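Readers should treat all values here as calculations from the given coordinates under stated rules, not as data from a laboratory. Bear in mind that the values here come from a model prediction, so they are computed numbers and not experimental data. Here Cβ is always computed from backbone atoms with ideal geometry, including for glycine, and neighbour counts include all displayed protein chains.
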Amino acid sequence: MKTKSKNVTMNNPDEKRQGMKVRTVVTGHDAKGRSVFVQDEKVDGTPIPGLGELAFLWNADEPATYPNAGNNPAAPGIFPPVGGIRYIIGTYLPGVIAPEPTPEMHLEDGDEPGGANDGFHTTDTTDFGVLLSGNMALEVDDGAEVLLSPGDVLIENGTRHRWRVVGDVPATLASFIIGARRR
């Protein structure tokens, strides 16, 4: 199979890699509108302080139109705007996951790094996740927590939450994130 190589990740080549590589196969349409394979390559993970490592597999800020060449729009950032999507696989390190806040994250008092609720955040997204390996706990506002094991699916609807990897091995989570509107 002949493939084209596309730079679709948000990688910084100067950053040290932890080793994540995700095979990504993408289809598209040729000039005659026929379906073709346009990519079959390994996408490197990007180290993210406070998280672990993320492989940015598909990033779009608006809905796709077809036919198209199958090129990744490669939109910037982890969280998409309304109508945008992100497809990410992350390997998270043991302990509480406390990412550096981004402008798309809504924090309450105490949610900031080092605060009493470090790691809690809200985003204007609906997140669909499948835990691939390891164990993760998701905590919500009232202190309730659920443990996810490999194969479990989570649908997170723009709620305030924080993650924790349970155990002493990293956890890998595949996430499809859709931008939503908050009232």
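Taking only the alpha-carbon atoms of the range 124-183, what semi-axes of the equivalent ellipsoid follow from 5 times the gyration tensor eigenvalues under a square root, in whole Å, largest first? Walk me through the numbers before you get to the answer.
Working: eigenvalues 87, 41, 12 Å².
They are 21, 14, 8 Å, listed from largest to smallest.
Label T159 and A116 with points 7 Å out from Cα along Cα→Cβ: what is the distance between them in nm?
Placing both labels 7 Å beyond Cα along the Cβ direction yields 2.2 nm.
Tell me, what are the semi-axes, in whole angstrom and largest first, of the equivalent ellipsoid of the chain as set by the roots of 5 times the Cα gyration tensor eigenvalues?
30, 19, 15
Among 53-59, 147-153, what's the highest-first ranking by average C-beta atoms within 10 angstrom per residue? Display every interim value, and only then the final one.
Working: 53-59: 21.7, 147-153: 12.9.
Highest to lowest by the protection proxy: 53-59, 147-153.
Along the charge dipole of the range 35-183, pointing to its positive end and built from +1/-1 on Cβ of Lys, Arg, Asp and Glu, which listed residue (L54, V82, T125) has its Cα farthest out?
Checked the options; the winner is V82.
Going highest first, how would you order 98-110, 162-174 by mean Cβ packing within 10 Å?
Working: 98-110: 13.7, 162-174: 18.2.
Answer by packing, highest mean first, reads 162-174, 98-110.
Considering the options L138, P99, P170, tell which one lies farthest towards the positive end of the dipole of the chain, charges being +1 on Lys and Arg and -1 on Asp and Glu at the Cβ, about the Cα centre.
Checking the options against the dipole of the chain, the answer is P170.
Under a point-charge model restricted to the Cβ atoms of Lys and Arg (+1) and Asp and Glu (-1), what is the dipole moment magnitude of the chain relative to its Cα centre, in debye to the nearest 20?
1180
Starting from the Kirkwood radius over alpha-carbon pairs of the range 67-174, derive D by Stokes-Einstein at 25 °C in a medium of 0.890 mPa s and give it in µm² s⁻¹.
165
Where does the charge balance sit around I177 when Lys and Arg score +1, Asp and Glu -1, over other residues with C-beta under 11 Å from its C-beta?
It works out to a net charge of -3.
Using 1/(1 + (r/R0)^6) with R0 = 45 angstrom and r between the beta carbons of K32 and V82, what's the FRET efficiency to the nearest 0.05? Present the calculation step by step, with values, prior to reporting the outcome.
Values: r = 34 Å, r/R0 = 0.76.
Using R0 = 45 Å, I get an efficiency of 0.85.
Which of the peptides 21-28, 116-123 is most tightly packed, and how do the rest follow, judged by the mean count of other Cβ atoms within 10 Å per residue?
Highest to lowest by the protection proxy: 116-123, 21-28.
If we count every other residue with Cβ under 11 angstrom of L93's Cβ, Lys/Arg +1 and Asp/Glu -1, where does the sum land?
-1
Which FRET efficiency value, to the nearest 0.05, is calculated for F176 and D109 with the Förster distance at 25 angstrom and r the Cβ-Cβ distance?
Taking R0 as 25 Å, the efficiency between F176 and D109 is 0.20.
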